[in-house]
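The values are calculated or read from the model by the stated rules, or taken from the named source; none is laboratory data. As the structure is a prediction and not an experimental result, all values here were calculated from the model. Glycine also receives a Cβ, built like all others from the backbone with ideal geometry; neighbour counts cover every protein chain displayed. When the accessible area is computed, the model is the full protein with side chains, heavy atoms only, and any ligands, DNA or RNA have been set aside. Shrake-Rupley method; radii C 1.70, N 1.55, O 1.52, S 1.80 Å.
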Amino acid sequence: RNAIKEFVKALPYMSIAIVVQVLTGLLLQPIIEKTFNLVTNSRLVELTDRNSPLIKRLMNEALGTFSHCMSVANFAEMCAVAIGENPYLARACSYYHDVGKLANPLYYKENQAGHTNPHDDLLPEVSAEIIRGHTIEGLKLCRKYRIPEEISHVTVQHHGTLLIPVFYEKAKKLTDGEVDPYEYSYHGVTPVTKIAAIIMICDSGEAAIRAMDKPNGEKVDKLIKSLIDSRIAAGQFDNCDISLRDLNTVRRTIVNSLGGMYHERLKY
């Protein structure tokens, strides 16, 4: 009986101790995550808050790029769920993949509304250097703002070593000699994770769909398949474990996610 009485007396103090421990853990968690740059779902949610410093800069200084990143994030999140990857990480990587464009926002089409295209007055090799520079500039910015590596490294992986076709073709028209494709390619790293591969597909897919004349499900399906096939042929997925089944799932997910855009509206 005495033991029971002592336990009953101690119970309020034990409850208070447990509550204090839980509250302390909750209060310390974000501090620990930031201090050690840990990637947890709560940290990923924090990084995709629009008040996050680098995202706020993107909104204020490169609104077109910000809009593109939001669209890529919507695709990437659904694709990640479809193949069993972390949707929070996919969204965060999408938000930050193009932050390097902050170095020269007006040199990218999505930010040129109301402005002339500065590439019209540049040699193609100069344009190519500026365009591919946004990958390494993105990595530098992410490091400056202490963005976790799982996110920051996608800045140099989402274009891999792909050709920059617009300026490569422009260079071929301006010369009678051979044009070195390397000088008109990205000098990044090919995707090393499934998430990076998803971002590569969704990034190019979103831009191509936006530029498409009267898109429909069939046209978008062919477009995404072509983008994936060309990247397979270029060896862009050789260093990550994404499978052909995963890639087909990604393609179908992107097409299905756009289904609502192609339904006919009733005429009133």
### Message
On a straight-distance basis, which aspartates and glutamates could pair with K172 in a cross-link, Cα separation under 18 angstrom, same-chain partners fewer than 8 positions away excluded?
### Response
D120, D121, E125, E129, D180, E183
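Using a 1.4 Å probe on the protein heavy atoms, what percent of the accessible area of segment 131-268 belongs to carbon and sulfur?
Values: 4080 of 7820 Å².
Answer for segment 131-268 is 52 percent, counting heavy atoms of protein chains only.
In nm, what is the difference between 0.36 nm times the number of residues separating D176 and T40 and their Cα-Cα distance?
Working: separation 136, 0.36 × 136 = 48.96 nm, distance 5.39 nm.
The span from D176 to T40 would gain 43.6 nm if fully extended.
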### P(r) weight above 15 Å for segment 168-243, C-alpha pairs, percent
65
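Accessible area per residue of segment 71-157 at 1.4 Å probe, in Å²? Walk me through the intermediate numbers first.
Working: 3810 Å² over 87 residues.
It amounts to 44 Å² per residue over segment 71-157.
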### Query
So, by mean Cβ neighbours within 10 angstrom, what's the order for 210-218, 86-94, 120-128, 187-195 with the highest one leading?
86-94, 187-195, 120-128, 210-218
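If you roll a 1.4 Å probe over the heavy atoms of the protein chains, what accessible area per residue do you get for segment 169-268, in Å²?
Numbers: 6180 Å² over 100 residues.
I get 62 Å² per residue for this part.
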### Query
Quick one: Cα centre-to-centre distance for segment 50-92 and segment 151-213, in angstrom?
19
#### Entry: Ranked packing of 61-67, 112-118, most packed first, by mean Cβ within 10 Å
61-67, 112-118
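Quick check on packing: order 132-142, 240-250 by the mean number of other C-beta atoms within 10 Å, highest mean leading. The partial results should precede the final answer.
On the way: 132-142: 21.1, 240-250: 16.3.
Ranked from most to least packed, the peptides come out as 132-142, 240-250.
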#### Entry: Rh by Kirkwood over Cα pairs, then Stokes-Einstein D for segment 57-215 at 1.306 mPa s and 10 °C, µm²/s
98
